[in-house]
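Below you'll find the structure, written out as structure tokens, and then a few comments.
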Amino acid sequence: MSTTLQALTANDLRTGEVVFRAAEGWTGRFAEAQLFSDPLDARAELDLAALETVRLADPYLIDVVVTDGFASPTSFRERIRALGPTVREDLGPQTEGGPRVEALRRSHAAARSAGRLGLIRKR
Amino acid sequence: MFIYDAIDAAMLKDRNAEFRDQVARRLSGDLTEAQFKPLRLMNGLYLQLHSYMLRVAIPYGSLNPNQLRALAQVARRWDRGYGHFTTRQNLQFHWTRLSDAPDILDHLATVGLHAIQTSGNCIRNTTSDPFAGAAADEADDARVWCEAIRQWSSFHPEFTYLPRKFKIAVTASATDRAAVRAHDIGLVLHRNAEGRLGFEVIVGGGLGRTPFIGKTIREHLPAEHLLSYLTAILRIYNLEGRRDNLYKARIKILVESLGAAAFAEKVEAEWAAMDRARIDLPDEELARIRASFGLIAYKKDPGARAAFEADKAQDRSFARFVRNNVAAHKHPDYAIVSVSLKAVGETPGDASADQMDVVAHLGETYGHGDIRVTHAQNLVLPHVPLRDVRAVYEKLSESGLATPNIDLASDIIACPGLDYCALANARAIPISQDIARRFSDPDRAEAVGELKIKISGCINACGHHHLGHIGILGVDKKGEEFFQFTLGGSGAEDAAVGQALGPAVPADKVADTVERLADAYLHLRAPGERFLDTVRRLGVGPFKAAAYADADPA
């Protein structure tokens, strides 16, 4: 079972680091991101974030999917933002490790091998 | 090396003070992001996936040891201990804090480095032949003319808000190591039948979503008229280039729509009408620039060649390094040594701060203080005495910088891709790593020979995929990374845009596909043919059959 939700993300103005809207304030951990089930709530938070111009650069909403109790961004790009470069596991939020980071990694591995390997076809 | 004079130093100081003030005003909220973004971009600071990215200009890819050390210091002190050399011969720091950027730029200014001309719709940092000044076959030192272009184009008031960015590349050799035909303007310096120095002027090359190989609009422009002729071209482009559509704003679209001949006529008319003497470089300034690069007092070393050959005979690994990474210098007792930033399993173009320090030390100790960056994301020590090549090789080896793979299958160009870049659709780095591992056996890599593989993570083509003997373009298909192949491209003197091979393949099939293409080449090649030659002789047909041999029938 999976449900589609939304989260609010931005880059920290001063550091450039990826941040997510948490229940209170902003966090660098995707696992602590507030998940919005109502698009209107999400939109209202985005409008508020747009006012935080001294703290944030470029806030926007992302789709999130919850599978087996773990949330992860739907798009591959946003999973990389939440983790750090896939080629440098020593950099970015992924360095914290732990089950939630592993779950994010697994979800992106799943998307890369979704049973679509037979797609090379002769024309 | 050209050393910036007091005018340049004052210009950098002013510019950095201005940017420091702009950053402070942004951080205090006096500037909005919309107001600030164009200002930070004009100072080379982009916002990417994980952080800000600072792109440092390396004019015509030329560095002295102190400059490379300063880059290492920035990597250590303000970034994450490494930098990424790009296909534009620049260096990118991928973890810059906005609040640190003014200090970083001040630090770089102490060695004459900056981020000017690395962003915006201006004339960008001019790129050139990394062997300039050392190549046996060059008509002149291309750096002299690149430096003239740098001085003329920096903050040029007429050309700061062009329809789109504008890239110029210069070579002075028949062998094109600067991909000049894929630039907005490509310049090939040569001597005509009378022995006069002049430029073949090529206009309208470019990659991205509509790739073009540039067209020659003048076979031989007398060298002394370079700046006025460039002005005429830029003026026509500035007036007639499209500003209504981002994707049709480059000069290549203008040249294509007018036709090269009609475009050339407009340029010639503009050039004929202008006061050239006001624009062209005075002879004394040209002489000053030329002198400031300094003449290297090459030393004859009659025994060096024999010792070098003896070393090669004794050590197969050294011999392999020489075969692949060492090129002939114009002086018989010197060599041009390429430093590979393509160790198998590493990120193409990445260098750690420690590696930068090692290369700076080698450049200082053995290389007349001269270090170059190549558009293929490697480094070059252009003036190494033949007697010292062995010592340089050994020190490079200790630091993982002596992979003997220049222009072989594992010497892959890859843009940062979706691991870093906000524009990318797919990753390029892990794909390059997968492929490099397949060719990690140096005997196999040498058996396949010259094979330039270039990977871009999106259609903007920073990885020059159109110019790859094998070009690979990442695309997003419903959230998954897929890769399209092109064959037969080249960025060299035989420049061409590659032809599409067939349907895109998923990420985990890319390296298999490359291996199949390489195997097909080994089977099909005629004696002496490179991969590129075989593709051009036979077309993509047999390669397509090999690549998709096991594909599911449709």
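The values are calculated or read from the model by the stated rules, or taken from the named source; none is laboratory data. These numbers were taken from a predicted model, which means no experiment stands behind them. Every residue, glycine as well, gets a Cβ built from its backbone with ideal geometry; the counts of neighbours run over all protein chains shown.
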Q) Which one is nearest to the chain's Cα centre (by Cα), of the residues in region B:414-432 that are small (G, A, S) and over 15 Å from A:F76 (Cα atoms)? A) B:A414
Q. In region B:469-503, how many are closer than 30 Å to B:V201 by Cα and within 14 Å of another protein chain (Cβ to nearest Cβ)?
A. 1
(Q) Can you go through A:S72, A:S113, A:S37 and tell me which one is in contact with a Ser or Thr (Cβ under 8 Å, 6 or more places away or on another chain) and either surrounded by fewer than 17 Cβ atoms within 10 Å (Cβ to Cβ) or modelled with pLDDT of 95 or more (or both)? (A) A:S37
Q) Only one residue in B:T175, B:T127, B:T171 is at pLDDT 95 or above, among the polar types (S, T, N, Q) and out of contact with any strand residue (DSSP E or B) (no Cβ under 7 Å at 6 or more places or on another chain), so which one is that? A) B:T175
Q: Please enumerate the residues belonging to region B:180-198 that are in contact with a His (Cβ under 6 Å, 6 or more places away or on another chain) and either under 29 Å from B:I253 (Cβ atoms) or of a type in the set (V, I, T) (or both).
A: B:G198
Q: Could you pull out the residue among B:R196, B:R191 that is touching a Leu at 6+ places or on another chain (Cβ under 8 Å) and modelled with pLDDT of 95 or more?
A: B:R191
Q | Unique residue being within 14 Å of chain A (Cβ to nearest Cβ), assigned to a helix (DSSP H, G or I), modelled with pLDDT of 95 or more and in contact with a Gly (Cβ under 8 Å, 6 or more places away or on another chain) when the list is B:K509, B:K544 | A | B:K544
(Q) Can you confirm whether B:L451 is touching a Phe, Trp or Tyr at 6+ places or on another chain (Cβ under 9 Å), in a loop (DSSP other than H, G, I, E, B) and surrounded by 23 or more Cβ atoms within 10 Å (Cβ to Cβ)? (A) yes
Q) Limited to region B:330-356, what total is found for residues that are more than 21 Å from the chain's Cα centre (by Cα) and away from every other protein chain (no Cβ under 14 Å)? A) 7
Q: Please enumerate the residues belonging to region B:480-495 that are surrounded by 20 or more Cβ atoms within 10 Å (Cβ to Cβ), in a strand (DSSP E or B) and modelled with pLDDT of 95 or more.
A: B:F482, B:F483, B:F485, B:T486, B:L487, B:S490
Q: Could you check, for region B:32-52, whether at least one of its residues is touching a Cys at 6+ places or on another chain (Cβ under 8 Å), within 14 Å of chain A (Cβ to nearest Cβ) and among the polar types (S, T, N, Q)?
A: yes
Q. So which residues in region B:79-103 are surrounded by fewer than 24 Cβ atoms within 10 Å (Cβ to Cβ), more than 13 Å from chain A (Cβ to nearest Cβ) and not in a loop (DSSP other than H, G, I, E, B), if there are any at all?
A. B:D103
(Q) What are the pairs with Cβ atoms under 7 angstrom where one residue, in region B:412-435, is facing chain A (nearest Cβ under 8 Å) and hydroxyl-bearing (S, T, Y) and the other, located anywhere, is in a strand (DSSP E or B) and buried (at least 24 other Cβ atoms within 10 Å of the Cβ)? Sequence gap at least six, or different chains. (A) B:Y420/B:H94
Q. Among the residues of region B:266-280, how many are in contact with an Asp or Glu (Cβ under 9 Å, 6 or more places away or on another chain) and either at pLDDT below 95 or closer than 25 Å to B:L254 by Cα (or both)?
A. 1
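Specify the residue that is nearest to the other protein chains (Cβ to nearest Cβ); the eligible residues are those in region B:58-78 that are outside any helix (DSSP H, G or I) and buried (at least 23 other Cβ atoms within 10 Å of the Cβ). Explain how you work it out, then say what you get.
Step one: of region B:58-78, the residues outside any helix (DSSP H, G or I) are B:58, B:62-64, B:78.
Next, only the ones that are buried (at least 23 other Cβ atoms within 10 Å of the Cβ) stay: B:58, B:62-63.
Numbers: B:I58: 23, B:S62: 29, B:L63: 24 Å.
Per the criteria, the residue is B:I58.
Among A:P73, A:P85, which is touching a Lys or Arg at 6+ places or on another chain (Cβ under 6 Å) and either under 21 Å from B:F482 (Cβ atoms) or facing chain B (nearest Cβ under 9 Å) (or both)?
Values: A:P85 fails: touching a Lys or Arg at 6+ places or on another chain (Cβ under 6 Å).
Only one candidate qualifies: A:P73.
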(Q) Any residue at all in region B:380-398 that's within 25 Å of B:A500 (Cα to Cα) and in contact with an Asp or Glu (Cβ under 9 Å, 6 or more places away or on another chain)? (A) no
**Q.** Tally of residues being among the charged types (D, E, K, R), farther than 18 Å from B:D407 by Cα and without any contact (Cβ under 8 Å) to a residue 40 or more places away in the chain across region B:472-507
**A.** 3
Q) So is B:L12 surrounded by 13 or more Cβ atoms within 10 Å (Cβ to Cβ), part of a helix (DSSP H, G or I) and touching a strand residue (DSSP E or B) at 6+ places or on another chain (Cβ under 6 Å) or not? A) yes
Q | Tally of residues being in contact with a Lys or Arg (Cβ under 9 Å, 6 or more places away or on another chain) and closer than 18 Å to B:F483 by Cβ across region B:502-530 | A | 11
Q. Mind checking which residues of region B:204-240 are within 25 Å of the chain's Cα centre (by Cα) and among the small types (G, A, S)?
A. B:G204, B:G205, B:G206, B:G208, B:G214, B:A223
Q) Which of the residues belonging to region B:315-328 are of a type outside the set (S, T, N, Q) and either in contact with a helix residue (DSSP H, G or I) (Cβ under 7 Å, 6 or more places away or on another chain) or buried (at least 19 other Cβ atoms within 10 Å of the Cβ) (or both)? A) B:F318, B:A319, B:R320, B:F321, B:V322, B:V326, B:A327
